[in-house]
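What follows is a set of notes on a single structure, which appears directly below.
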Amino acid sequence: MPQNITLRLLPREAADAKHYTALAARRLGISDRQIALIRVVKRSIDARQRQPWVNLSLEVYVDGEEQPAEVHFDYPSVAGKTPVVVVGSGPAGLFASLRLIELGLRPILLERGREVSARKVDIARINRGGEVDPDSNYAFGEGGAGTFSDGKLFTRSKKRGDYNRALQSLVFHGANPEILFEAHPHIGTDKLPYIIRNICRTIREAGGEVLFERRVSDLIVRNGRIEGVVCGDERIEGAAVVLATGHSARDIYYLLHERGIRLEAKPLAMGVRIEHPQELIDRIQYHQPSRGEYLPAASYSLVSQENGRGVYSFCMCPGGFIVPALTEATQSVVNGMSPSGRTSPYANSGLVTEVRLTDFAHLEPKWGVLAGLRYQEELEALARREGGDGQVAPAQRVADFVAGRASASLPATSYIPGITPSRLDQWLPSYMAEGLRMGLSTFNRRMKGFVTNEAIVVGVESRTSTPVRIPRDAEQLMHPDLEGLFPTGEGAGYAGGIISAAMDGERVAEAVRRYVK
Ligand SMILES: Cc1cc2nc3c(=O)[nH]c(=O)nc-3n(C[C@H](O)[C@H](O)[C@H](O)COP(=O)(O)OP(=O)(O)OC[C@H]3O[C@@H](n4cnc5c(N)ncnc54)[C@H](O)[C@@H]3O)c2cc1C
């Protein structure tokens with residue numbers, strides 16, 4: 001059995017394995033030469049005081065002790081086994097496919113977008129203000145919305161075993177093993193494509209299929225049971241269909257609605273993306289003029305209640321970039337991503353308010369259960385009109401937004417297509433503008449200097465979650481009205497983020513295994 005110890009170290013000491021190994025040996029009353037292996041199992045930063053500290057939890061293996069085995073997964077051949085159609089290659093679809101293989105079923109994974117290297121070209125075109133491919137962009141393509149992201153792997157899910165397994169699978173497919181012990185693990189957009197490609201390779205090598213540029217446009221339904229899907233002229237059949245299309249696939253919601261398949265309206269959250277100079281966030285969070293060589297780019301997580309509504313930061317990206325996460329040229333939608341080193345000089349985060357069903361009740365008579373979707377679409381279109389040509393996004397300095405003033409000019413930004421001054425305080429729905437304004441004032445009391453004209457708000461952060469849930473039975477995880485249809489992931493309303501979508505995909509694959517005879 002390894003010995004477990006916890007050390008509280010200066011950031012410089014925590015970065016020096018020789019130093020903490022010697023300290024661990026001293027604590028255990030042995031010489032450092034007797035230590036065969038020392039593993040960091042948890043690392044967190046305590047920056048509550050002037051001097052930031054790093055808490056390291058270590059597992060120490062002394063000579064002769066059995067060492068932990070490397071992370072390994074076995075994927076048996078499923079060639080010739082029962083096929084299951086999986087729609088969408090985001091984290092939910094990929095992890096559902098891996099689990100189906102482990103359980104002896106053959107996934108046929110269909111993805112409307114392109115493989116990751118072709119997708120990079122499409123994304124570069126969007127950033128240059130060029131054409132937007134509605135099937136290949138920041139949301140659609142190999143790996144889904146998680147490929148070009150910060151790759152934060154945080155979840156509130158209590159099922160620790162599933163969480164560790166999902167992280168281990170990422171490590172098996174090429175992620176840095178540090179994600180297994182970091183308090184707030186993240187992968188980074190420079191590393192994610194490689195890992196996603198490896199997962200797709202595993203699926204193919206086991207006998208599954210991964211087919212790109214296959215946009216599902218209809219369902220094959222016989223006698224109340226789904227038997228496959230239609231992609232253009234192709235009909236692809238399977239013993240069940242896992243629907244993992246994410247929350248940006250509006251055509252899928254419209255399709256299900258037209259086919260009379262039950263959907264449910266749900267509340268959501270929308271707002272803006274806020275961007276500060278990273279060095280300002282470092283200064284506030286670390287209480288020092290600069291973070292120095294050994295501390296990571298600082299982050300924050302803020303939440304408050306204003307006028308009875310939740311206002312909170314979302315998907316914070318230290319050392320990152322704001323990106324155009326739209327799926328049509330008629331929208332302005334922003335989100336954030338970071339490279340693994342979080343090296344950009346900017347810190348960005350979503351800053352959103354709760355949006356209730358009553359906020360879009362006026363659209364319900366015409367749009368019914370899809371009213372929330374319509375509301376989201378209208379805000380994105382409004383933001384596009386307020387922005388400029390070629391994905392130029394509307395923006396306002398933060399202090400001006402709070403004070404209700406126009407910004408005559410804007411500071412430099414990480415958002416490549418560019419920004420233009422706009423009165424977000426005036427054109428955002430009034431409850432949202434007021435909630436964000438009050439929230440910003442509250443956050444400024446907790447993080448002095450957060451409200452500043454060095455920072456900007458950019459419109460709009462509209463896709464934090466889906467406004468429509470695809471219902472499923474709590475036990476069977478199958479749609480109650482359509483046998484064989486298994487909705488999963490963020491688009492179906494059962495996940496929020498990469499790792500929770502991946503875990504939900506795995507759970508659904510297990511339900512499919514129980515269903516398929
Ligand atoms: C820029 C950005 C940064 C993000 N950063 C983070 C982060 O750091 N951490 C985090 O946890 N989350 C992050 N997220 C959110 C995260 O990416 C999503 O929560 C997650 O990807 C949801 O997984 P999913 O599999 O449910 O859906 P998605 O990842 O959305 O995947 C759905 C897939 O289905 C495909 N599809 C849609 N319709 C069809 C169709 N008709 N036919 C075939 N295929 C179809 C799409 O092309 C897409 O590939 C970020 C999102 C964005 C956009």
Next item on the list: Could you work out the Rg to Rh ratio of the chain, with Rh taken as the Kirkwood radius (inverse of the mean 1/r over all Cα pairs)?
Entry: 0.99
Next item on the list: Estimate the FRET efficiency between SER430 and ALA118 by the formula 1/(1 + (r/R0)^6), using the beta-carbon distance for r and 41 Å for R0, to the nearest 0.05.
Entry: 0.45
Checklist line | Residue-wise HN-Hα coupling along region 108-124, computed from phi with Karplus coefficients 6.51, -1.76, 1.60 (Hz; x: Gly, Pro) | finding: 10, 8, 10, 10, 5, x, 9, 5, 4, 6, 5, 5, 4, 5, 5, 5, 4
Item checked: Cα-based reach from LYS18 at 22 Å (exclusive), listing lysines while leaving out same-chain residues under 8 positions away -> LYS42
Check: LYS517: which lysines have alpha carbons under 29 Å from its alpha carbon, excluding same-chain residues fewer than 8 sequence positions away?
Finding: LYS81, LYS159
Checklist line | Probe 1.4 Å, protein heavy atoms only - accessible area per residue of region 265-461 in square angstrom | finding: 37
Next item on the list: Determine which lysines satisfy two conditions relative to LYS366: a Cα distance under 21 Å, and not lying fewer than 8 residues away in the same chain.
Entry: LYS266
Check: Which peptide among 268-279, 225-236 comes first, and what is the full order, when sorted by highest mean count of other Cβ atoms within 10 Å?
Finding: 268-279, 225-236
Item checked: Sulfur and carbon atoms: percent of accessible area, the chain [1.4 Å] -> 49
Check: In Å², what does the accessible area per residue of region 3-62 work out to with a 1.4 Å probe?
Finding: 59
Notebook entry, point to check: So what's the gap between the Cα centers of region 10-63 and region 439-517, to the nearest angstrom?
Noted result: 36
Notebook entry, point to check: Which far-off residues, 5 or more places away or on another chain, put their amide H under 5 Å from the one on ARG106, with H placed in the peptide plane?
Noted result: THR82, VAL84
Note to self: I want to check the label-to-label distance for ALA381 and LEU10. Put each point 7 Å from Cα in the C-beta direction and report it in nm to one decimal.
What the structure shows: 6.0
Checklist line | Charge dipole of the chain about the Cα centre (unit charges at C-beta), most positive-ward option of GLY484, LEU440, LEU9 | finding: LEU9
Next item on the list: Choose one of CYS315, ASN198, TYR20: the residue whose Cα lies farthest towards the positive end of the charge dipole of the chain (beta-carbon charges +1 Lys, Arg; -1 Asp, Glu; about the Cα centre).
Entry: TYR20
Margin query: In whole Hz and in residue order, list the ³J(HN,Hα) couplings for region 319-329 that follow from phi through the Karplus curve 6.51 cos²θ - 1.76 cosθ + 1.60, θ = phi - 60°; x for Gly and Pro.
Written below: x, x, 10, 7, 10, x, 9, 6, 10, 9, 5
Notebook entry, point to check: Amide H of VAL334: which non-local residues (sequence gap of 5 or more, or other chain) have their own amide H closer than 5 Å, using H built in the peptide plane?
Noted result: ALA325, VAL460, GLU461, SER462
Check: How many nm separate the modelled label positions at THR358 and GLU65, each set 7 Å beyond the Cα in the direction of the Cβ?
Finding: 5.9
Check: Cα centroids of region 220-299 and region 110-147: how far apart, whole angstrom?
Finding: 14
Margin query: Please compute the contact order of the chain in relative form: average sequence separation of alpha-carbon pairs under 8 Å and at least six residues apart, divided by the residue count, as a percent.
Written below: 18
Note to self: Once R0 is set to 60 Å, what does the formula 1/(1 + (r/R0)^6) return for the Cβ-Cβ distance between GLN288 and ARG222, expressed as a FRET efficiency to the nearest 0.05?
What the structure shows: 0.35
Note to self: Using a Förster radius of 30 Å, what is the FRET efficiency between SER77 and ARG514 based on their Cβ-Cβ separation? Nearest 0.05, please.
What the structure shows: 0.85
Next item on the list: Can you pull the one-decimal nm distance between simple spin-label points at ALA412 and GLU213, each 7 Å off the Cα toward Cβ?
Entry: 4.0
Check: Give or take rounding to whole Å, what are the principal axis extents of the alpha carbon atoms in region 27-81, in descending order?
Finding: 62, 35, 11
Item checked: Rule-of-thumb Rg ratio for region 3-62 [Cα; 2.2 N^0.38 Å; N residues] -> 1.11
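The values are calculated or read from the model by the stated rules, or taken from the named source; none is laboratory data. The structure displayed is predicted, hence computed values, not measured ones. As a convention, Cβ positions derive from the backbone with ideal geometry for all residues, glycine included, and neighbour counts pool all protein chains shown. To get the accessible areas, we keep the full protein, side chains included, count just its heavy atoms, and leave off ligands, DNA and RNA. Shrake-Rupley method; radii C 1.70, N 1.55, O 1.52, S 1.80 Å.
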